[in-house]
2 protein chains.
Amino acid sequence: MDILHRVGIKSSSDEVYKALTAREALAAWWTHDTQGESKIGGALKFRFSADGKEIGGFDMKVIELQPARRVLWQVVDGPEEWIGTKISWELRQEGEYSIVLFKHQDWRDPGEFMHHCSTKWAVFLMSLKSLVETGQGAPSPGDVRIGDWH
Amino acid sequence: MDILHRVGIKSSSDEVYKALTAREALAAWWTHDTQGESKIGGALKFRFSADGKEIGGFDMKVIELQPARRVLWQVVDGPEEWIGTKISWELRQEGEYSIVLFKHQDWRDPGEFMHHCSTKWAVFLMSLKSLVETGQGAPSPGDVRIGDWH
């Protein structure tokens, strides 16, 4: 089972690709605490905090990098539900928009945590869109809260 | 295939249930142009516009109504991809939050339109949350734009 999303970002797919691969940009839309390097076989480490405390995170192995076209990560550490799942980003230019097709693939259990992550991904995609279009994202720990779970 | 979301709304599930069943409330978080009545076997008609023009909408048959617990709609008219799909809202109280589990069930094609609708549902769920918590939603036509498609 997959989480699917689509956003259109008023920008070039080159710029969106940079925002998915440069550490400083990932830190500016997903989470301030982003470590590692985006290169094939490398790992990116994303950590999240709330109320001043670290509350967990994800390690992503970078599987595929096609500039302005596609990024693919595999989750190698994090919540049990995420381990082994893949996150793919497909980009294509349509006029003034870069269209982002997002897939968080291969969930084993469509439980409440998957519901939560689906909504939270949408919120972070809006943060990515805002970063690229305006220079200002809403990364953790200043991210938009969607409920009792962070 | 299903679109799944979860939000926590600081409110009672009675209030959230009202926001999913009262026409005035539906008009205040989803779309201003909401017609019909929320009763078993009845139909709710949601219409959307952009740039002053009607761009389509959905007719939902109301299948199930359990106050403060559950609402179930079936799409009887609208885009071909939506017809026959079901939209279920499950509510439960957890302390100060009403937890909303949202499912848009039985999509036949996980194509680009499903990706778009998944993101757009998240945006409207945040509008629902905002309406219940603050009295102010962001319904169509003043909804948050997520790209080139409305």
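Throughout, read-outs are computed from the coordinates displayed, never taken from laboratory work. Remember, predicted model here, so these are calculated numbers, not experimental data. FYI the Cβ positions are ideal-geometry reconstructions off the backbone, even for glycines, and counts take in every protein chain you see.
List of remarks:
- Sorted from shortest to longest, the distances between the A:Gly42 label points of this copy and the other copies are 5.8 nm, with each point 7 Å from Cα along the line through the beta carbon.
- Other-chain or far-sequence residues with amide H under 5 Å of B:Ser140's (modelled H): B:Thr31, B:His32
- For B:Gly84, inter-copy label distances in nm, listed shortest first [label point 7 Å out on the Cα-Cβ vector]: 3.2
- Stokes-Einstein D in µm²/s, Kirkwood radius over Cα pairs - the range B:91-150 at 25 °C with 0.890 mPa s viscosity: 186
- Among residues of chain A, the one whose Cβ lies closest to the rotation axis carrying chain A onto chain B, together with that distance rounded to whole Å, is A:Ala122, 2.
- Position A:Ile55: other-copy label points at 3.3 nm, ordered by increasing distance, label point 7 Å along Cα→C-beta.
- If you plug the beta carbon distance of B:Gln35 and A:Thr134 into 1/(1 + (r/R0)^6) with R0 = 35 Å, you get a FRET efficiency near 0.45.
- Whole-Å semi-axes of the protein assembly as shown's equivalent ellipsoid (Cα gyration tensor): 32, 21, 18
- Computed over the range B:21-150, Kirkwood Rh from alpha-carbon pairs, angstrom: 15.2
- Pairs with C-alpha atoms separated by more than 21 Å, drawn from the list B:Lys61/B:Lys86; A:Lys103/B:Lys53; A:Lys103/A:Lys129; A:Lys53/B:Lys10; A:Lys45/B:Lys120, are A:Lys103/B:Lys53; A:Lys53/B:Lys10; A:Lys45/B:Lys120.
- When each of the peptides A:114-122, B:80-88 is scored by the mean number of other C-beta atoms lying within 10 Å of its residues, the order from highest to lowest reads A:114-122, B:80-88.
- Partner chain coverage, peptide A:110-121 - average Cβ within 10 angstrom: 6
- When each of the peptides B:49-59, A:15-25 is scored by the mean number of other C-beta atoms lying within 10 Å of its residues, the order from highest to lowest reads A:15-25, B:49-59.
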